[in-house]
Amino acid sequence: MTDPLHYAAGQRIGVLTTEPVGLLDYLAPEGGVALGQLVVVPLGPRRVMGCVWGPGAGDFDAARLRPVGRLIDAEPLAPSMIEFLNRTAEYTLTPLPHLLRMATRAPGLADPPAARRVVHRTGDPPQRMTDARARILDTLDEHGGGPLEPGELARLAGVGSSVVKGLIAAGTLTETEAARDAPFPRLDPGRPGKPLSPDQRAAADSLAAAQRKGGFSATLLRGVTGSGKTEAYLEAVAECLRHGRQALVMLPEIALSAEFLDRVEARFGARPGEWHSGVTGAERRRLWHMAGRHGVDLVVGARSALFLPFRDLGLIVVDEEHDSAYKQEDGVWYSARDMAVLRASIEGAQVVLASATPSLESWVNAQTGKYERLDLPSRHGTAELPEMAAIDLRTEEMRPGTWISPTLARAVEARLARGEQSLLFLNRRGYAPVTVCRACGAQVGCDDCDARMVEHRVLNRLVCHQCGATKPIPTVCPACGVEGKMAPVGPGVERLAEEVAARFPNARAAILSSDLFSSARALKEAIAGISAGEADIIIGTQMVAKGHNFPNLTLVGVIDADLGLQGADLRAAERSFQLMQQVAGRAGRAGDRGEALLQTHQPDHPVIRAILSGDEEAFWDAEAAARSQAGMPPFGRLVGIILSHPDLGAVTDFARHLAGRAAPLAEIGAELWGPAPAPITRIRGRHRVRMLIRAPRQAPVQDAVRRWLSGVKLPTNMRLAVDIDPQSFL
DNA sequence: AGCACGCCGACT
DNA sequence: GTCGGCGTGCTC
């Protein structure tokens, strides 16, 4: 009998270690070993973790092979998981061991099997029955007679642990050993969900039908906050659970997960597994094991949850799929959204990308028919966006040093008179984005990277928004030495708040800017206060675009809609379009669409016009036109090469060196693109530079990059990472 | 001569 | 990733 997934004792097998050495041949241990089995293998004088990855390569002297050490007490990785890791490594040009490391990152994974003590009911009620003892027995009955951990049982019953001990002594309860990690409670898809509107019902049915059909499918689910997106995809989850498969819902930030877990519990009667950096080690280990044993039905998690070793994954939901948090830009560079599609296709699963403001890539994939597209009309039938209009700053009378136009000021006055709230949106933290010397014109830059420093009056310091460095606000010009000529130029939210206070002296203003809150709780309280009507005018950065709704907000004023329309960032216009839609969507309440006013110097700019109409197709056309004007082919791919080194000179020198040997790129019609070398940032003591390559869409980019980089030797201490598709590039 | 340091290759 | 070997260059 030959089982291709099992290797007999003494057979030569390939083991992938978590060390950079990669695949090495070993001898299968006594009793044989399964494909995907996690093992400990000897490597030089050390023992390291590895995974049985297939038959051995056979190119190593058989006499020198060493046998596998011990097997790790964990379910073997499924063949589909192995394929997923292989393909992800190939796609992102990441060494395979890094991916295995990422996929096995759960504390205590390699620990020998450990047990925990549990009690369950075995004997008759005790002779002496007491209140506390009765409560223990009742609680145990409620949980199906056990088994439960003694401490947990005492806690649930609200009595001391000595009561449990007494019942064990009396023979009513028996203590036994159980596996350390317990399965998660089952979710019940049969419970009734929230009543759905006809639109939501249609979307839910369509998703459930795709799930029922089985196999790979990809759907872009569009709908604004409150449109019932979540309810719709929870029906796909329900369908998935009915088929006995596992589901994964990814969320961009941990902060969103608590509320989501409650909704899942309300829908399915139990809490799902939770996976993100805030989860304790023991829970992570439990979830990791349970994913592999089908001991968990649904996992809610951050991007890294995609690398859990699911046994039978039937559905992946990527909520807020446009969110940049799905991109990991450290260690392994990957986009969890793209890799979710890859994993779903390997697992024969359904993938649902949900967003009110889809990323350009997903939008294009839906347009070209690669993804299905489902549109959920807005909250309860009202218009999706408020009434949108531009304020043409060229025709407004603006006093120097002010940023609120007379037209916008009148609109705010009208809201104040009616007791309604206004939001003034300015995506700039701090007091002033630039500090300039009036004598010589020099701008104060960061000493560690090439960004300009932003004045923060609250801190009374200059702050670099790129690397986080700070320094005192200079009184003497660092360039020309003239004293007393340094001046803040341009507005940030702190400065805008000054103008609001001067202009609307009787209004209560609140600033929402991420740097002004020390904790998530302080922020939550501030938002609750504003919702309760404690502010008339909200001054906010992009953090107002997310989540929270202000029920009495009827006006959104965008201070500078032109911000982010130009510049070297390819993604600026797209982000701006999404941001404007999200921010404008804050306005309006029951029976009142609200109004959004965009201050701009270029009301005829195609992107501004697309924002005003809320029309994604118009935006897409504008974007394609802008890109072709910038000399880019309409369809292509972008690859980022990221170099980092503690020494700034070393990075720029090496970037130049690489640029000089880029012949393999030319062979596939690709080229280095943009201002090379690109801006330098400093992150954790290393200078980082990014080189961009653009390539025709169908070109074998990975091969070319591999050939390009294989010939170069990395200087000591130089780190290199490759970021495939770093930004959309139509 | 003796030692600290950094570079480089091996590790199956 | 980590270890050991080896060459360089400094100090006693």
>> surrounded by 15 or more Cβ atoms within 10 Å (Cβ to Cβ) and either at pLDDT below 90 or within 16 Å of DNA strand B (Cβ to nearest atom) (or both): is that true of A:Arg46 in this structure?
In response: no
>> Of everything in the range A:355-378, what is closer than 19 Å to A:Leu306 by Cα and buried (at least 24 other Cβ atoms within 10 Å of the Cβ)? Give them in sequence order.
In response: A:Ser362
> Is it the case that the range A:431-449 has a residue that's modelled with pLDDT under 85, of a type in the set (Asp, Glu), out of contact with any Asp or Glu (no Cβ under 7 Å at 6 or more places or on another chain) and surrounded by 15 or more Cβ atoms within 10 Å (Cβ to Cβ)?
Replying inline: yes
>> Looking at (1) of a type in the set (S, T, N, Q); (2) touching a helix residue (DSSP H, G or I) at 6+ places or on another chain (Cβ under 8 Å); (3) modelled with pLDDT of 95 or more, which one does A:Thr18 not meet, given that it meets all the others?
In response: (3)
> Quick check: anything in the range A:305-328 over 12 Å from the mean Cα position of the chain (by Cα), assigned to a loop (DSSP other than H, G, I, E, B) and over 18 Å from A:Ile82 (Cβ atoms)?
Replying inline: no
> What are the residues in the range A:1-41 that are within 16 Å of DNA strand C (Cβ to nearest atom) and on the phi > 0 side of the Ramachandran plot, if any?
Replying inline: A:Gly22
> Identify, please: which residue in the range A:54-89 is among the small types (Gly, Ala, Ser) and within 16 Å of DNA strand B (Cβ to nearest atom) and is, among those, nearest to A:Phe307 (Cα to Cα)?
Replying inline: A:Gly54
> Residues of the range A:116-127 being modelled with pLDDT of 75 or more and of a type in the set (D, E, K, R), which ones?
Replying inline: A:Arg117, A:Arg121
> Could you say which residue among A:Ala572, A:Ala532, A:Ala545, A:Ala528 is under 23 Å from the mean Cα position of the chain (by Cα) and either surrounded by fewer than 17 Cβ atoms within 10 Å (Cβ to Cβ) or not assigned by TED's automatic domain parsing to the domain that holds A:Ala618 (or both)?
Replying inline: A:Ala572
>> Based on this model, can you work out whether A:Val21 counts as crowded, with 16+ Cβ neighbours inside 10 Å and within 16 Å of DNA strand B (Cβ to nearest atom)?
In response: no
> How many residues does the range A:96-118 hold that are assigned to a loop (DSSP other than H, G, I, E, B) and out of contact with any strand residue (DSSP E or B) (no Cβ under 8 Å at 6 or more places or on another chain)?
Replying inline: 7
>> For the condition at pLDDT 80 or above and touching a Pro at 6+ places or on another chain (Cβ under 9 Å), what is the one hit in A:Val701, A:Val712, A:Val722, A:Val689?
In response: A:Val689
> Which of the residues belonging to the range A:42-94 are within 16 Å of DNA strand C (Cβ to nearest atom), in contact (Cβ under 8 Å) with a residue 60 or more places away in the chain and more than 25 Å from the chain's Cα centre (by Cα)?
Replying inline: A:Met49
> How about the range A:451-469: which of its residues are closer than 22 Å to A:Ile680 by Cα and either in contact with a Phe, Trp or Tyr (Cβ under 7 Å, 6 or more places away or on another chain) or surrounded by 15 or more Cβ atoms within 10 Å (Cβ to Cβ) (or both)?
Replying inline: A:Ala451, A:Arg452, A:Met453, A:Val454, A:Glu455, A:Leu462, A:Val463, A:Cys464, A:His465, A:Gln466, A:Cys467, A:Ala469
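The values are calculated or read from the model by the stated rules, or taken from the named source; none is laboratory data. Since the structure is predicted, the reported quantities are computational estimates derived from the model, not experimental observations. Cβ atoms come from the backbone with ideal geometry, glycine included; neighbour counts cover every protein chain shown.
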